[in-house]
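First comes the structure, then the notes that go with it.
The values are calculated or read from the model by the stated rules, or taken from the named source; none is laboratory data. Predicted model only: the values in this text are computed from it and were never measured. In this analysis, Cβ positions are derived from the backbone assuming ideal geometry, glycine residues included, and neighbour counts consider all displayed protein chains. Note: areas computed on protein heavy atoms with side chains; ligands, DNA, RNA excluded. Shrake-Rupley method; radii C 1.70, N 1.55, O 1.52, S 1.80 Å.
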Amino acid sequence: MNKKVAVIDLGTNTFNLLIAELLPYGKHSIVYTTQVPSRIGEKSINDNKIIPAAFERGIQCLRDMKEFTDEYQVDKIFAFGTSALRGAANGSDFVQSAKKETGINITIIDGNREAELIYKGVQLSYPFDDSLKLLMDVGGGSNEFIIGNKDKIFWRHSFNLGVARLMYKFTPSNPMKAEEIKSIEDYLSTEMQILWDALEKFPTTDMIGCAGCFSSFHEMICAQKNIELNDKSTYEIIPLQEYQEIHKMLLPSTFEERMETPGLIFMRTAMIVLGTILVYLVLQKAQIKNLYLSKYALKEGVLAEINQK
């Protein structure tokens, strides 16, 4: 009988669960996936703590996920805490509580390790070649950037500039005002100078966005064009012109309008505008000509490592 494993990515806004069956020759078959809006970074992520309501909500998410892993008779669970947990003063308390309440052991990883796992996940989804690609993962607490090709990583960095951090730092209006957008752009442009420097050293015109808000951009484009989503594909092309139209639509939108936007799921509605401000800035600064969506990221990177053992 083939072994079943579960991978849990404990993000700042969402907890993501993947259950897979390990097959011979380093292959795997995905059995089940789900994501839950845990929002453990709620209100106090910039104060480096998890508030009691978010703490309990996160533990309840793990209880629910443990039920799924039991139902699917998983042999081993690999759980990884990222930005919100590694930055929180009570992050270790959360890890201990999770172990006590669910039996799940959580490993808190740093930003470089997170970037490495994202790269390995994207390698499973996108047909890399010798040319350099810029990988971008937009999270609630941090954003990971990797420059690499099919063989190796040339540069990587994790910025504590996730959309939840931006939301609580700038508390933008509904809809966002032009001067607020400008302030956020200026802030990001300054804070991300080392990325602009890295792109001068390792230039590329291709960017691969990892899941998250990039999935939303793709799904909104498909909804507008009445194109059925392809559940079997591991990556997609996001036409730049069509993304730019989505960007222009999102910037002046209200939360209520976004709630009614086809292709945009509820858990993305609050922070998608901050996400598109960040993505658009990078596209412009890096002079990207080709944009792709990778449907694989950290969880699949963990699977890749498990299969290599």
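For region 1-15, give me each residue that is open to solvent by 10 Å² or more (accessible area, probe 1.4 Å), closer than 27 Å to Gly58 by Cα and touching a strand residue (DSSP E or B) at 6+ places or on another chain (Cβ under 7 Å). Matches in region 1-15: Lys4, Asp9, Thr14.
Being part of a helix (DSSP H, G or I) and either of a type in the set (Lys, Arg) or surrounded by fewer than 22 Cβ atoms within 10 Å (Cβ to Cβ) (or both) is the filter here, so list the residues in region 287-301 that pass it.
Our first condition is that a residue be part of a helix (DSSP H, G or I); within region 287-301, this holds for 298-301.
The answer is Lys299, and nothing else.
Taking the listed residues Tyr235, Tyr168, the one that is surrounded by 14 or more Cβ atoms within 10 Å (Cβ to Cβ) and closer than 21 Å to Tyr126 by Cα is Tyr235, with no other qualifying. Asn307 satisfies every condition listed in (1) assigned to a helix (DSSP H, G or I); (2) at pLDDT 95 or above; (3) in contact with a strand residue (DSSP E or B) (Cβ under 7 Å, 6 or more places away or on another chain) except (2). The set of residues from region 24-70 being open to solvent by 50 Å² or more (accessible area, probe 1.4 Å), part of a strand (DSSP E or B) and either aliphatic (A, V, I, L, M) or in contact with a Pro (Cβ under 8 Å, 6 or more places away or on another chain) (or both) comprises Ile30, Val31.
The C-beta contact set for region 213-240 (first residue in contact (Cβ under 8 Å) with a residue 24 or more places away in the chain, second residue exposed (fewer than 12 other Cβ atoms within 10 Å of the Cβ) and outside any helix (DSSP H, G or I), distance under 6 angstrom, 6+ apart or interchain) comprises Ala223/Pro262. Could you tell me whether region 16-23 includes any residue that is closer than 19 Å to Ser97 by Cα, open to solvent by less than 50 Å² (accessible area, probe 1.4 Å) and either part of a loop (DSSP other than H, G, I, E, B) or free of Cβ contacts under 8 Å to residues at least 12 places away in the same chain (or both)? Within region 16-23, not a single residue is closer than 19 Å to Ser97 by Cα, open to solvent by less than 50 Å² (accessible area, probe 1.4 Å) and either part of a loop (DSSP other than H, G, I, E, B) or free of Cβ contacts under 8 Å to residues at least 12 places away in the same chain (or both).
Would you mind stating whether Tyr243 is of a type in the set (Phe, Trp, Tyr), touching a Leu at 6+ places or on another chain (Cβ under 8 Å) and surrounded by 20 or more Cβ atoms within 10 Å (Cβ to Cβ)? Can you show your working first?
Working: of a type in the set (Phe, Trp, Tyr): yes; touching a Leu at 6+ places or on another chain (Cβ under 8 Å): yes; surrounded by 20 or more Cβ atoms within 10 Å (Cβ to Cβ): yes.
Criteria met by Tyr243.
Of everything listed in (1) closer than 30 Å to Glu56 by Cα; (2) crowded, with 19+ Cβ neighbours inside 10 Å; (3) among the charged types (D, E, K, R), the single unmet condition for Lys133 is (1).
For region 71-129, enumerate the residues that are of a type in the set (Phe, Trp, Tyr) and either modelled with pLDDT under 95 or over 23 Å from Lys4 (Cβ atoms) (or both). So that I can check it myself, show each step before the final result.
Here is the first cut: in region 71-129, the residues of a type in the set (Phe, Trp, Tyr) are 72, 78, 80, 94, 119, 126, 128.
Matches in region 71-129: Phe94, Tyr119, Tyr126, Phe128.
Screening the candidates Glu185, Glu144, Glu180 for the property of being without any contact (Cβ under 8 Å) to a residue 12 or more places away in the chain and either surrounded by 13 or more Cβ atoms within 10 Å (Cβ to Cβ) or aromatic (Phe, Trp, Tyr) (or both) yields one hit, Glu180.
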